[in-house]
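Report on the following structure.
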């Protein structure tokens, strides 16, 4: 048998058409030969795993950064100068810079070593076995060996091995939440559909990777491998490109800008010297090249990539302590910049635990407190627990009846947690029954004789029970859709009495059902009747007639209590919350309203409605719509892309396989750590260890604080390096004015290249790193997210960087002039002492500057002692500077000489001008801003 044609939508074709198209027999299945040939032609029923990058390529990726390129260029220049100079000694500059580059790359690789392997995780998750019929024999084979046309047998607890068209079913319910987002198990039926519908509404199809929670079925496999719905998600994962985070883009921009600035400075200065100086020998050329190296070293903040990685890594550890596990370092800052959090509903904003919320009987309405599967709460009316009376009697019958007409089980685990087995909706009756305190009595009172299973045609199920408290009377207890059940009822229960179900009572029951439906509650009704003496309890066609109506329950997957508060905090921070779910629009709107995502009455946009919108109309809809229901994976991806195209930084949460492509496409994908699939965790950049939406808000707060600290150490690093550049540049240009000349009368360098490198290592590492863990001093959640157009380093910061750098250069050169015999100020020391003093002043100036850089406007003396790490870093830097000035072997390496105590004090006093000048600028800034 061969496949005669391709069926695009098996759900709208008759079963015989599907069987003929796939060349199979509904009773005997495929022959072994046909199955073998198809397996050879079509390949295994597996998802294509993403190719894993080799380790060397992943390590190399951490060196692909403009700042690293600058450092490598500086290494090349230093090595060239060392080679031209005759390879005397070690090329210290080149070695130290090279070590920094390597350490930065290793750190980045170690922090981000967890490789992305989402499609491979899909394959692992679906590695199951399936029962099939081949040559008339039932056999269990690895699901990877399934082929199109196989007749698949499904039973409770089975994982569906491939997409398949149902042939016949018996009370089949399939949990599809991981694929469609639908919170409830879906009742399946083999009926042929009249037209193509959304994935969640294809009741006559089952899909690879979903699970059977109840019933049995037979089905024809219609798609395997990458052609399945799960495979299409894997394809989207492969095609989805990961965007750079805003921080990565900004740091790359800074690197390019610094690179251009370095090239321009070096060309201008070195070119000027070559033009105006008398260059005669190779040594003269080497001196000019060394000047170029010192300028390059001065301009490039060598420690920036490493410090940035370390600060982000510290942020990762801080977030981990708050149950937010970040896989990508730059994502720490990205979350703090998020303008939109697009959240899945089931299991993220809700508990994914079906709960009876309301009970409606003839005598009135009651409310069931408590949520989830833990039987903690009670049944009350108007806030008062039920007392003895008609309402209590009716509630007892409703809950015990719903529990009897059920195959679910509720149990307490060894760890003390409550868990269910079976259908979550049926389990809701067991939980509510325990809250009422009648579960044990019901178990002792009734013994089941038989069951009439639930079918989609009847929309109800019944059990036949023996009532031991009423002379072993046999009763039929029925649970089902209220409208269907009401048609089979002739009487109603009021308290302990049974009355005729007249039009007035019937109308009231229907009003109660509408009230529950309007509240977006799923409704189920309960009825019963005694089986008359002599009546056959096996006569199913008559047992479910002339029933006694008891009441209706309203069931909901309740929102998480902490989610509402977290959403309010997020909105205070200027973050828009969007709900994206595969659930029913009315249910989605109800949950969104309860959580404060939208106002009451706000509409939900469905997947089918999205398909009808062109790009322009959809872009406009995304700006105003905050609830999306009945959406497929491609819709989630389209929503995220539209939000990003509108200038948003999007954080996307999810737990199901269907969320994975959107998580990967989002600026930061957030997976649920407890309920999330392995696929989702692999595709995401962050994992919530506690599945708590409130953890996202805490992560946002942490991310914003980390971004503030990044700005602090960037302000510090750039102003310090600006001071070094201007010191070298102005020292060369004004060397003759300040007396900075050597024995031959030529202008000498104000600082040696090794001294500049020492300053960068000494002051740019410890203090900058300490600023990366500076405590939050402001309410970071009180401000709006920064825009994509906002720069990490804005015009105001550049102004302060240039001003501070200029002051550093001036005080450094004045110090050199102070000790030199010539120049503006007549000194008495030689060039080595003057250079050492200037070198020390520049170090001190940068240490003062680390307190200035903590804020653009606040005084350095505010919260002066809140950061112990910063004081420790300053103290360490001071001790190392004393060592480099007074230890003989370091004097040789760095061209320094010892200083006297009064010279140290003079250096400290002159350097403090940087602090006072910044304080004056901040005072002026606060005054003009009011």
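The values are calculated or read from the model by the stated rules, or taken from the named source; none is laboratory data. The shown structure was predicted, so the numbers you read here are calculated from the model rather than taken from an experiment. Neighbour counts are summed over all protein chains in view; Cβ atoms, including those assigned to glycine, are modelled from backbone coordinates with ideal geometry.
Structure values in brief
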| quantity | calculated |
| --- | --- |
| Criterion: touching a strand residue (DSSP E or B) at 6+ places or on another chain (Cβ under 6 Å) and either surrounded by 16 or more Cβ atoms within 10 Å (Cβ to Cβ) or under 23 Å from residue 557 (Cβ atoms) (or both) - qualifying residue of 449, 399, 436 | 436 |
| Selection within the range 132-175 - more than 18 Å from residue 224 (Cβ to Cβ) and part of a loop (DSSP other than H, G, I, E, B) | 135, 136, 155, 156, 157 |
| Members of the range 545-565 found to be within 30 Å of residue 502 (Cβ to Cβ) and either in a helix (DSSP H, G or I) or free of Cβ contacts under 8 Å to residues at least 60 places away in the same chain (or both), listed by number | 545, 546, 548 |
| Candidate set: the range 334-354, residues that are modelled with pLDDT of 85 or more and outside any strand (DSSP E or B); chosen: the one nearest to residue 587 (Cα to Cα) | 354 |
| So residue 582, is it assigned to a loop (DSSP other than H, G, I, E, B) and surrounded by 19 or more Cβ atoms within 10 Å (Cβ to Cβ) | yes |
| Selected residue (only one of 681, 712, 685 is closer than 21 Å to residue 310 by Cα, surrounded by fewer than 24 Cβ atoms within 10 Å (Cβ to Cβ) and either modelled with pLDDT of 85 or more or not assigned by TED's automatic domain parsing to the domain that holds residue 770 (or both)) | 712 |
| Those residues of the range 921-930 which are at negative phi and either exposed (fewer than 10 other Cβ atoms within 10 Å of the Cβ) or touching a helix residue (DSSP H, G or I) at 6+ places or on another chain (Cβ under 7 Å) (or both), in sequence order | 921, 927, 928, 929 |
| Residue identified as out of contact with any strand residue (DSSP E or B) (no Cβ under 6 Å at 6 or more places or on another chain) and surrounded by fewer than 18 Cβ atoms within 10 Å (Cβ to Cβ) among 333, 376, 353, 380 | 376 |
| Options 696, 668, 706: the member that is in contact with a strand residue (DSSP E or B) (Cβ under 6 Å, 6 or more places away or on another chain) and either modelled with pLDDT of 80 or more or within 30 Å of residue 776 (Cα to Cα) (or both) | 668 |
| Those residues of the range 857-887 which are at pLDDT below 90 and more than 18 Å from residue 764 (Cα to Cα), in sequence order | 857, 858, 859, 860, 861, 862, 863, 864, 865, 866 |
| Filter result (surrounded by 13 or more Cβ atoms within 10 Å (Cβ to Cβ) and not in a helix (DSSP H, G or I)) within the range 469-489 | 473, 474, 475, 476, 477, 478, 479, 480, 481, 488, 489 |
| Those helices (runs of 4 or more DSSP H) lying entirely in the range 215-299 with at least 2 residues modelled with pLDDT of 70 or more and closer than 30 Å to residue 407 by Cβ | 229-239 |
| Residue match in the range 636-645 (condition: touching a residue at least 24 places away in the same chain (Cβ under 8 Å), crowded, with 19+ Cβ neighbours inside 10 Å, not assigned by TED's automatic domain parsing to the domain that holds residue 518 and not in a helix (DSSP H, G or I)) | no |
| Residue list for the range 198-214, restricted to those being in a loop (DSSP other than H, G, I, E, B) and in contact with a helix residue (DSSP H, G or I) (Cβ under 8 Å, 6 or more places away or on another chain) | 198, 202, 204, 207, 208, 209, 210 |
| Condition broken by residue 568, with the remaining ones in (1) outside any strand (DSSP E or B); (2) modelled with pLDDT of 90 or more; (3) over 30 Å from residue 697 (Cα atoms) satisfied | (3) |
| Residues of the range 588-598 satisfying the condition of being farther than 11 Å from residue 559 by Cα and part of a helix (DSSP H, G or I) | 589 |
| Filter pass, residue 546 being outside the structural domain of residue 781 (by TED's automatic domain parsing) and at positive phi | yes |
| Residue match in the range 499-518 (condition: in contact with a helix residue (DSSP H, G or I) (Cβ under 7 Å, 6 or more places away or on another chain), in a strand (DSSP E or B), closer than 28 Å to residue 455 by Cβ and touching a residue at least 12 places away in the same chain (Cβ under 8 Å)) | no |
| The range 876-894 residues that are assigned by TED's automatic domain parsing to the domain that holds residue 756, paired with ones that are part of a helix (DSSP H, G or I) and surrounded by fewer than 16 Cβ atoms within 10 Å (Cβ to Cβ) (beta carbon under 6 Å, 6 or more apart) | 884/890 |
| Count of residues meeting criterion [touching a residue at least 60 places away in the same chain (Cβ under 8 Å) and closer than 17 Å to residue 132 by Cα] in the range 19-45 | 18 |
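Quick grid of which residues meet (1) touching a residue at least 60 places away in the same chain (Cβ under 8 Å); (2) assigned by TED's automatic domain parsing to the domain that holds residue 720; (3) under 27 Å from residue 869 (Cβ atoms); (4) within 43 Å of the chain's Cα centre (by Cα):
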| residue | (1), (2), (3), (4) |
| --- | --- |
| 775 | yes, yes, yes, yes |
| 795 | no, yes, no, yes |
| 802 | yes, yes, no, yes |
| 807 | yes, yes, yes, no |
| 824 | yes, yes, no, no |
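Condition check ((1) crowded, with 21+ Cβ neighbours inside 10 Å; (2) modelled with pLDDT of 75 or more; (3) part of a loop (DSSP other than H, G, I, E, B)) across all residues:
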| residue | (1), (2), (3) |
| --- | --- |
| 727 | yes, yes, no |
| 731 | yes, yes, no |
| 735 | no, yes, yes |
| 751 | yes, yes, yes |
| 758 | yes, yes, no |
| 761 | no, no, no |
| 767 | yes, yes, no |
| 773 | no, yes, yes |
